[in-house]
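First comes the structure, then the notes that go with it.
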Amino acid sequence: MMPSTMRNKNNSKILKILVSVIFWLAVWQIISMIIDKVLLVPSPLTVLAHLYVLLATVDFWQITATSLWRIMLGFVLGTVFGVALAVLTSTSKIADTLISPVVRVVRATPVVSFIILALVWIHSSSLPIFIVFLMVLPVLWSNVTAGIADTDKQLLEMARVFHIGRLKTVMKVYVPSVMPYFLAACISSIGLAWKSGIAAEVIASPRIAMGTEMQNAKIYLETPDVFAWTIVVIILSLIIEKILVKLFKKVSIKYDV
Amino acid sequence: MSLSFDHLNLSFGERTVLNDFSLELPESGVVCFFGASGCGKTTLLHTITSLVKPQSGNISGIGGKKISVVFQEDRLLPWISAKQNVSVVCRGDEKLAEEWLQKVGLAGEEDKRPEQLSGGMKRRVAIARALAYDGDILILDEPFNGLDTNMERTVISHIKEQYTDKLVLFITHDSAEAAFFADEVYLLSGPPLFVNKKLQFSASISERLADSSILEKYQASIESLTLPKND
C-alpha cells in the first residue's frame, strides 16, 4: 500500500508542477507574440534555442563552474564566520557590545552599496565571494544567536549540577538546541547568496562569470541570452537548495529537530 | 562535616525567600522537607548546588562534595536516549546507565527517547541519572510524581541502600511518602522560609513495611501538624 500511495502522491505533485510550468510558458509565449519584439520579450522557444547553443559551448560550463565556486565559497565563509561571531557575541559582553551593532548595520545596508564600495578595494573576481559572505553572515549570526539564547536554561543548569563539562555541554545541549535555527538560516540564505552573488558579478564584471555574461548580453542587446542565463541561475539555485534540504534532513533526524 | 545553612538571606525583588535562615542537618539519613508549594524549600536546596546564590550568609559542609539532583522537572535531554541521558553524567559509562535503568524498572526502554516515554518513566530516568552520578549528597525535589506505590517503594529501597551513610534531602507534599521514606521531617512554612517543627522517625524501612501501624502513626503525626489553616 505505502509505496503505491507514495508514488501517487509524487505523481500528482509532478503533475501540478507540470501544469503550472505549461500555463506560465503559454502566458510568456502569448505576451511575446503580442509585443512581437525579440529585444523586449523573446519567446520561450527563442530562449530555449539560445540556451541550447549556450549549453553546447565549453565556456558555458567553465563560467558556470566558476560562478558556482565563488558563490559557494562565499556562502561557506559567511556560514562559518556567522556561527563563530554568534558564539563570540553570545559568550562575551564586550564582543556583543562591539560587534553586534556592526552586524546589524551590515544586514540593513543595501547589497548594491557594498558592491559599489567594495569594487574600490577588492579585485573584481573576488568581489562576489565577499558580497555573498557579507549577505550570508548576518543571517547566520542572528539565527544562531537566537538559538543560543533560546537554549533551555533548565537543561544548562542540569549540565552544571552534574559537572558534565564544557565540551559535553556544548555537544549535548547547545548544538542540538541551535541546530534547527542553524539549518533554517542556511536554507534561507542560500537563495540570498545566489541573488547577491550574481548581482555582484553583473556590476563588477569579473573576466569569467555568469553575471558578466548577463551584463554583456544586455549591452549587446542579446535579450534571449539574458533570459537563458537567468534560467540557468534559477535552476542551479533550486538544485542547490534541494540538495541542502536533503542533506539537512539527515542531520535533523540525527538531532531530532 | 555536616551540611549547615548559616544566616542565609535571599530575596527576589520584593519577595524575601530566606530571612536569616539557619539550619544544621545531620551527617546522614533521609531528611524530608515538608511544606506548601512556594514556601521556599526548592530555593533553599538550589543554594546547595549554587544554582541560586544567597545575597548573604554561608553554606558549609559542601566543599568538594558531589551533589546528585532529581529536579522538580525531569530535565532530560530530548534528543538522546534514556541510556545516554544517564550515561552523560557518568563519563559515558553505558553499562552503569543500563544497570540503573534496570533497577528503576526501565529494562527494555533504554534506547527510547524521552518523548517516547510516559511521564512516570521519564521521572524514573531522572532518578536513575541522579543515582548513577552517585553524589555524596542526594537532593530529591518531588521525585515520585507519576510513580505508583510499588515503583516508589522499589526506588526508595535502592536509594536507601546506596545512601545508608550519606545525606538525602527530600522535598514532598505527600505525607505517605514522607512517612515511608524519611528519618527526619522538617515541617516548613514561608516565605520567608522557617522551620515550624521537626519530627524524628526512627523505625527502619523493613519495620515500616512489616507494621503498617507505624506508617499510619508517622503519617498522622505529619498531618496533625499541617492541618489546613484558614488564614
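The values are calculated or read from the model by the stated rules, or taken from the named source; none is laboratory data. If you're wondering where the values come from, they're calculated on a predicted model, not measured in any experiment. Every residue, glycine as well, gets a Cβ built from its backbone with ideal geometry; the counts of neighbours run over all protein chains shown. Only protein heavy atoms, including side chains, enter the accessible area calculation; ligands, DNA and RNA are left aside. Shrake-Rupley method; radii C 1.70, N 1.55, O 1.52, S 1.80 Å.
Seen against the Cα atoms of chain B and their longest principal axis, helix B:212-225 is set at about 50 degrees. Our note on the geometry: Cα centres of region A:9-41 and region B:99-128, 57 Å apart.
Compared with the dominant Cα axis of chain A, that is its longest principal axis, helix A:175-204 is turned about 30°.
Apply 1/(1 + (r/R0)^6) to the Cβ-Cβ distance of B:Glu24 and A:Ala84, taking R0 = 51 Å, and write down the FRET efficiency to the nearest 0.05. It comes to 0.55.
Which whole number gives the average count of other chain Cβ atoms within 10 Å of the Cβ atoms across peptide B:71-81? Walk me through the numbers on the way to the answer.
Values: counts 4, 1, 4, 2, 9, 2, 9, 7, 10, 4, 0.
Per-residue shielding by partner chains comes out at 5.
In plain terms, if you count all Cα to Cα distances in region B:1-160 and split them into 10 Å steps from zero, the share in each step is 10, 36, 31, 19, 3 percent.
Given R0 = 35 Å, the distance between the Cβ atoms of B:Ile59 and A:Ser252 translates into a calculated FRET efficiency of 0.20.
With a 10 Å cut-off around each Cβ of A:158-167, the average count of Cβ atoms from other chains is 6. In degrees from 0 to 90, rounded to the nearest 10, what is the angle of the helix A:127-149 Cα long axis to the longest principal axis of chain A? Its long axis makes an angle of about 40 degrees.
Note on chain B: with a GNM built from Cα contacts shorter than 10 Å, the maximum mean-square fluctuation among B:Asn19, B:Asn58, B:Asn150 falls on B:Asn150. Cross-link partners for B:Lys217 among the aspartates and glutamates, with Cα-Cα distance under 17 Å and sequence neighbours closer than 8 places in the same chain left out: B:Asp174, B:Glu177, B:Asp183, B:Glu184, B:Glu207. Each principal axis of the Cα cloud of region A:43-254 was taken in turn, and the coordinate range along them, longest first, works out to 69, 39, 25 Å.
Once both labels are positioned 7 Å from their Cα atoms along Cα-to-Cβ, the gap between B:Ser50 and A:Ile187 label points is 4.1 nm.
Could you give the length gained on full extension between A:Ile231 and A:Leu117, defined as 0.36 nm per residue of separation minus the Cα-Cα distance, in nm? Don't jump to the answer; show the numbers that get you there.
Numbers: separation 114, 0.36 × 114 = 41.04 nm, distance 2.85 nm.
This chain segment gains 38.2 nm when fully extended.
The sum of -39500 (n - 2.57) across all DSSP H runs of n ≥ 4, divided by the residue count of chain B, sets its helix-only mean residue ellipticity at 222 nm to -10000 deg cm²/dmol. The calculated 222 nm mean residue ellipticity attributable to helices in chain A amounts to -29000 deg cm²/dmol, summing -39500 (n - 2.57) over DSSP H runs of n ≥ 4 and dividing by all residues.
Checking the a/c ratio against 1.5 first, then a/b against b/c, what shape does the Cα gyration tensor give for region A:130-257? Prolate is the answer for region A:130-257, as a/c is 1.5 or above and a/b outweighs b/c. Distance from the alpha carbon centroid of region A:157-219 to that of region B:149-181 works out to 51 angstrom. When the surface is traced with a 1.4 Å probe over the full set of protein chains, A:Ser205 keeps roughly 50 Å² accessible.
By the rule of a C-alpha distance below 24 Å, with chain neighbours fewer than 8 residues away ignored, the lysines paired with A:Lys246 are A:Lys9, A:Lys13, A:Lys16, A:Lys172, A:Lys195, A:Lys254. Here, region B:52-102 is characterised by an Rg to Rh ratio of 1.11, where Rg is the alpha-carbon radius of gyration and Rh the Kirkwood radius.
Between B:Glu24, B:Glu98, B:Glu14, the GNM of chain B built on Cα springs shorter than 10 angstrom shows B:Glu14 fluctuating the most. For trypsin sites (Lys or Arg not before Pro), the sites in region A:112-220 that DSSP calls loop and that have at most 14 other Cβ atoms within 10 Å are A:Arg207. Within the listed set A:Ile164, A:Ile116, A:Ile17, the Gaussian network model of chain A (springs between alpha-carbon atoms below 10 Å) gives the highest mean-square fluctuation for A:Ile17.
Between A:Gln62 and A:Ile94, the FRET efficiency estimated from the beta carbon spacing at R0 = 45 angstrom works out to 0.45.
Figure note: B:Glu152, A:Glu222 ranked by solvent-accessible area, largest first, 1.4 Å probe, ligands and nucleic acids not counted: A:Glu222, B:Glu152. In a reduced charge model with +1 at each Lys and Arg Cβ and -1 at each Asp and Glu Cβ, the protein assembly as shown shows a dipole moment near 1680 debye about its Cα centre. Per-residue mean of foreign Cβ neighbours for B:88-95 is 3 (Cβ atoms of other chains, 10 Å radius).
Over all orientations, the protein assembly as shown has a Cα convex hull whose mean projected area works out to 34.1 square nanometres.
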